Amino acid sequence: MVLQMRFDLATHSLREINQTLHHIDRRPGETFVIEHPKGTHSVAVGLTEPIEVTIEGHVGYYCAGMNKNASIHIIGNAGPGLAENMMSGRIFVDGNASQYAGASGHGGLLVIKGNTSSRCGISMKGIDIVVGGSIGHFGAFMAQTGRLVVCEDAGGNLGDSIYEAQIYVRGEIDGLGSDCVEKEMRPEHKTELLELLERACLSVPIDDFRRYGSARNLYNFKIDNADAI
């Protein structure tokens with residue numbers, strides 16, 4: 001039997017709802033629903049328990065930031081800073097997301113079924129991000145580890161100053177950033193990509209994807225590479 005606890009942001013304060021989710025005495029099989037977010041900022045931030053939360057509507061800045069263990073489903077669009085500094089768990093967005101989604105994420109899975117804006121995955125440190133649509137410029141800027149999958153197009157300066165993160169893009173790219181290069185798509189990478197798409201519940205052919213990563217020219221300063229900085 002599925003039990004459901006509902007919170008209404010039209011009648012309860014955000015602080016009250018977030019604090020309740022932080023200290024919830026969860027019953028087996030219980031899930032949580034947040035109604036009427038209406039673009040509210042910082043919804044469901046800092047969750048640490050393995051709970052399931054559904055947000056019925058659009059959210060503002062920093063939704064699901066610092067998530068750890070929780071599974072969060074946003075039935076709508078998300079503002080800037082979605083899943084910032086995410087540690088683990090899963091976050092699914094049915095619509096679009098604004099800029100710097102998944103910034104500094106250390107782990108877990110972030111799925112945006114629509115499009116997202118600039119700096120998606122900036123400084124990512126282990127998070128997996130799957131975007132069903134397109135992303136804006138400076139995607140995966142200074143990305144250290146983790147994987148970014150883009151099922152449509154990517155804006156300019158993709159992977160600028162990237163370290164060891166992996167980028168997979170199916171559509172067109174408006175230009176690669178400093179030290180980011182196309183790499184061979186070997187069988188193990190196709191297996192990795194297929195597994196990520198399956199976890200994201202997206203059915204997308206993988207044959208047209210290309211892989212990108214670091215040329216490793218900026219790890220240590222070399223005078224010959226000064227123009228690339």
(Q) Looking at segment 38-59, I want the residues that are closer than 13 Å to ILE91 by Cβ and part of a loop (DSSP other than H, G, I, E, B) and have a partner that is among the aliphatic types (A, V, I, L, M) and at pLDDT below 95 with Cβ atoms under 6 Å, at least 6 apart or on another chain. Which pairs are those? (A) LEU47/LEU21
Q. If you scan segment 114-133, which residues turn out to be out of contact with any Cys (no Cβ under 8 Å at 6 or more places or on another chain) and of a type outside the set (Val, Ile, Thr)?
A. GLY114, ASN115, SER117, SER118, ARG119, CYS120, GLY121, SER123, MET124, LYS125, GLY126, ASP128
Q. Considering segment 18-47 alone, what residues qualify as being of a type outside the set (Gly, Ala, Ser), surrounded by 14 or more Cβ atoms within 10 Å (Cβ to Cβ) and within 18 Å of LEU82 (Cβ to Cβ)?
A. ASN18, LEU21, ILE34, PRO37, THR40, HIS41, VAL43, VAL45, LEU47
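I'd like the full set of residues that are assigned to a loop (DSSP other than H, G, I, E, B) and either hydrophobic (A, V, I, L, M, F, W, C) or at pLDDT below 95 (or both), limited to segment 70-89.
Pass one, segment 70-89, residues assigned to a loop (DSSP other than H, G, I, E, B): 70, 75-77, 79-89.
Those that are assigned to a loop (DSSP other than H, G, I, E, B) and either hydrophobic (A, V, I, L, M, F, W, C) or at pLDDT below 95 (or both): ALA70, ILE75, LEU82, ALA83, MET86, MET87.
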Q: Sort out which residues of segment 90-106 are without any contact (Cβ under 8 Å) to a residue 24 or more places away in the chain, within 17 Å of GLY46 (Cβ to Cβ), part of a loop (DSSP other than H, G, I, E, B) and not aliphatic (A, V, I, L, M), and write them in order of number.
A: SER104, HIS106
Q: Within segment 109-131, count every residue that is assigned to a loop (DSSP other than H, G, I, E, B), in contact (Cβ under 8 Å) with a residue 24 or more places away in the chain and within 11 Å of the chain's Cα centre (by Cα).
A: 4
Q) For segment 147-187, which residues satisfy the criterion of being over 18 Å from GLY133 (Cα atoms), surrounded by fewer than 19 Cβ atoms within 10 Å (Cβ to Cβ) and not hydroxyl-bearing (Ser, Thr, Tyr)? A) GLU164, VAL181, GLU182, LYS183, GLU184, MET185, ARG186, PRO187
Q) Condition test on GLU198, is it without any contact (Cβ under 8 Å) to a residue 40 or more places away in the chain, among the charged types (D, E, K, R), assigned to a loop (DSSP other than H, G, I, E, B) and more than 18 Å from SER104 (Cα to Cα)? A) no
Q.
Any residue that is within 22 Å of the chain's Cα centre (by Cα) and of a type in the set (A, V, I, L, M, F, W, C) - is there at least one of those in segment 12-27?
A. yes
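The values are calculated or read from the model by the stated rules, or taken from the named source; none is laboratory data. Remember, predicted model here, so these are calculated numbers, not experimental data. Cβ coordinates were reconstructed from backbone atoms using ideal geometry, including for glycine residues, and neighbour counts include every protein chain displayed.
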